[in-house]
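The values are calculated or read from the model by the stated rules, or taken from the named source; none is laboratory data. Computed from a predicted model, the values in this text were never measured in an experiment. Because the Cβ atoms are built from the backbone with ideal geometry, glycine has one as well, and the counts that use them run over all protein chains shown. Just the protein is used for accessible areas: all its heavy atoms, side chains included, with ligands, DNA and RNA removed. Shrake-Rupley method; radii C 1.70, N 1.55, O 1.52, S 1.80 Å.
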Amino acid sequence: GLIATFFTISLILSASITQVRAAEYATGAEKFISSLASKAEVSLLSEKISAAEHQRRFRELMLDSFDLKGVGKWVIGRYWRRISKSERTKYLSLFEEFIVATYSKRFRGYTKAKLQINGTTQHKSSVFVNSQINREGSKPIRVVWRVKVLNGKHKIIDIIIDKQQVPKIILAKRTSSK
């Protein structure tokens with residue numbers, strides 16, 4: 001009767017609201033990456049800024065957009081729990097320096113690059129924003145940004161460049177230099 005009808009309507013509305021929230025979540029992640037690309041284009045893709053200024057701007061964008069602590073913890077793995085609080089602080093500081101030095105230098109040459117977003121895929125509490133970096137005279141570089149909302153803000157928690165996870169690349173470099 002009436003209770004069954006009410007229950008059915010409640011289920012349908014609940015499912016609709018969940019689908020709307022999921023779509024909003026994916027759209028929010030896509031807008032976040034698009035906004036980051038615009039900020040990077042304005043602040044980083046000028047040939048006229050010095051290497052030091054480029055690195056400073058790259059750091060600012062990275063700290064605002066990435067869950068660097070989470071990525072750093074993932075890279076160090078099980079050792080995170082074994083080190084002291086002061087060692088964690090020092091490690092995260094060195095990790096940030098490494099990421100900034102490595103990737104600001106790598107992206108310095110992308111002055112005429114454009115990011116093209118090719119859609120999103122949602123998996124559990126993450127959204128994967130599929131994109132490619134188009135550069136003059138080169139084949140596009142596929143980039144998948146894994147985005148999550150942390151403390152009310154979209155943050156990048158992983159990047160896959162041409163099918164390779166960046167944290168795994170960092171980990172490989174760390175272990176190969178021993």
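Quick look at the values:
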| read-out | value |
| --- | --- |
| Tally of residues being acidic (Asp, Glu) and open to solvent by 50 Å² or more (accessible area, probe 1.4 Å) across the stretch 133-161 | 1 |
| Number of the exception - Ile117 against (1) more than 18 Å from the chain's Cα centre (by Cα); (2) open to solvent by less than 80 Å² (accessible area, probe 1.4 Å); (3) of a type in the set (Val, Ile, Thr); (4) at pLDDT 90 or above | (1) |
| The stretch 127-150, residues that are among the polar types (S, T, N, Q) and modelled with pLDDT of 90 or more | Asn130, Ser131, Gln132 |
| Lys73 being of a type outside the set (A, V, I, L, M, F, W, C) and either within 23 Å of Leu150 (Cα to Cα) or in contact with a strand residue (DSSP E or B) (Cβ under 6 Å, 6 or more places away or on another chain) (or both) | yes |
| Unique residue being of a type in the set (S, T, N, Q) and touching a residue at least 24 places away in the same chain (Cβ under 8 Å) when the list is Ser84, Ser65, Ser93 | Ser65 |
